[in-house]
Amino acid sequence: MKLRYLSHSAFQITTKGGVRLLIDPFLDGNPNAPVRSNEVFADFIVLTHAHGDHLGDAKKIARASNSQIICVNELGLILEKQGFNTHKMGIGGSHSFPFGKIKFTIAHHGSLTDEMQYAGEPSGVLLFIDDKIIYHTGDTGLFLDMKLIGEINKIDYMLLPIGDNFTMGIDDAVKAVEFVNPKTAIPMHYNTFPVIAADPLEFKSKVEQRGKRCKVLEFGEEIIIN
Ligand code: NI
Ligand code: MN
């Protein structure tokens, strides 16, 4: 599969079979986004929570691409009422889709929409695609259950926030990598706004000091995962 970093917490996945997924597509209001929302296409959009920097341009893209939006139940109900095609799930639940399997995890954060509507619990998400496991933590603080997530699932790529203030900062994120023990850690949710300024190379060197692998992706960079 191909994994492309669209900056902030937004990623694009293209499976071997050609299915296109977007995770947390915050593009048009995002100073670091390498593409605009009208330049991407998604068969499926996965949302970790309802904050504007994650729900982002999901509605615009879903309308243009006729995408199905995969998210937790309460956020899904809100989107469904607005006419979107959703697949609603609960934290801890998994479901098989044409591209692979999705499982939602806990995240310690909030999930209010920009209209101040409660949208359920925030989440992280495990993606089982093309025999690989990707763990996108969503926005979260550090939590000990990450150990359990890493124990049950052999994570290939862990995508985790390092920007601090709203989420883990660098040192807690390094601990999170130790808890989950992924093959490779990829930092996200940094340098979009001044309040989440962080140096991904500092994170990388701290992760590597602990004998783990880290890959810092440029905004717009795409890697092939085999
Ligand atoms: Ni958030
Ligand atoms: Mn956020």
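The values are calculated or read from the model by the stated rules, or taken from the named source; none is laboratory data. Values in this document were obtained by computation on a predicted structure and should not be read as measured data. Note that we place each Cβ from the backbone using ideal geometry, even for glycine, and neighbour counts take in every protein chain shown. Just so you know, the surface numbers come from the protein's heavy atoms only, side chains and all, with ligands and any DNA or RNA stripped out. Shrake-Rupley method; radii C 1.70, N 1.55, O 1.52, S 1.80 Å.
Considering every residue within segment 24-40, establish whether at least one is open to solvent by less than 30 Å² (accessible area, probe 1.4 Å), within 13 Å of ligand 2 (Cβ to nearest atom) and not in a loop (DSSP other than H, G, I, E, B). No: zero hits.
Every listed requirement among (1) farther than 20 Å from Ile129 by Cα; (2) in contact with a helix residue (DSSP H, G or I) (Cβ under 6 Å, 6 or more places away or on another chain); (3) within 16 Å of ligand 1 (Cβ to nearest atom) is met by Lys60 save one, (3).
Within segment 50-62, residues that are near ligand 2 (Cβ under 8 Å from one of its atoms) sit with their Cβ atoms under 9 Å from residues that are of a type in the set (A, V, I, L, M) and open to solvent by 30 Å² or more (accessible area, probe 1.4 Å), at 6+ positions apart or across chains, in these pairs: His51/Leu112.
Would you be able to say whether some residue in segment 1-23 is within 16 Å of ligand 1 (Cβ to nearest atom) and either at pLDDT below 95 or open to solvent by 10 Å² or more (accessible area, probe 1.4 Å) (or both)? No, there is no match, as no residue in segment 1-23 is within 16 Å of ligand 1 (Cβ to nearest atom) and either at pLDDT below 95 or open to solvent by 10 Å² or more (accessible area, probe 1.4 Å) (or both).
Regarding Phe219, is this residue open to solvent by 50 Å² or more (accessible area, probe 1.4 Å), modelled with pLDDT of 95 or more and in contact with a Pro (Cβ under 6 Å, 6 or more places away or on another chain)? The answer is yes for Phe219.
Does Ile162 satisfy the condition of being more than 16 Å from ligand 2 (Cβ to nearest atom) and modelled with pLDDT of 95 or more?
Numbers: more than 16 Å from ligand 2 (Cβ to nearest atom): no; modelled with pLDDT of 95 or more: yes.
Here the answer is no, as Ile162 does not meet what is asked.
Please determine, by comparing only the residues of segment 112-137 that are open to solvent by 10 Å² or more (accessible area, probe 1.4 Å) and touching a Lys or Arg at 6+ places or on another chain (Cβ under 6 Å), which one is nearest to ligand 2 (Cβ to nearest atom). Once the filter is applied, the top-ranked residue is Phe128.
Search segment 98-111 for residues being within 14 Å of ligand 2 (Cβ to nearest atom) and touching a Leu at 6+ places or on another chain (Cβ under 9 Å), and hand back the single one that is farthest from Gly52 (Cα to Cα). Steps first, answer last, please.
Of segment 98-111, the ones within 14 Å of ligand 2 (Cβ to nearest atom) are 107-111.
Subsequent filtering for residues that are touching a Leu at 6+ places or on another chain (Cβ under 9 Å) retains 108, 111.
Numbers: His108: 17, Ser111: 10 Å.
Filtering segment 98-111 for residues that are within 14 Å of ligand 2 (Cβ to nearest atom) and touching a Leu at 6+ places or on another chain (Cβ under 9 Å), the one farthest from Gly52 (Cα to Cα) comes out as His108.
Selection of strands (runs of 3 or more DSSP E) fully inside segment 49-111 by the criterion of at least 1 residues being open to solvent by less than 10 Å² (accessible area, probe 1.4 Å) and within 16 Å of Gly124 (Cα to Cα) returns 68-72, 100-106.
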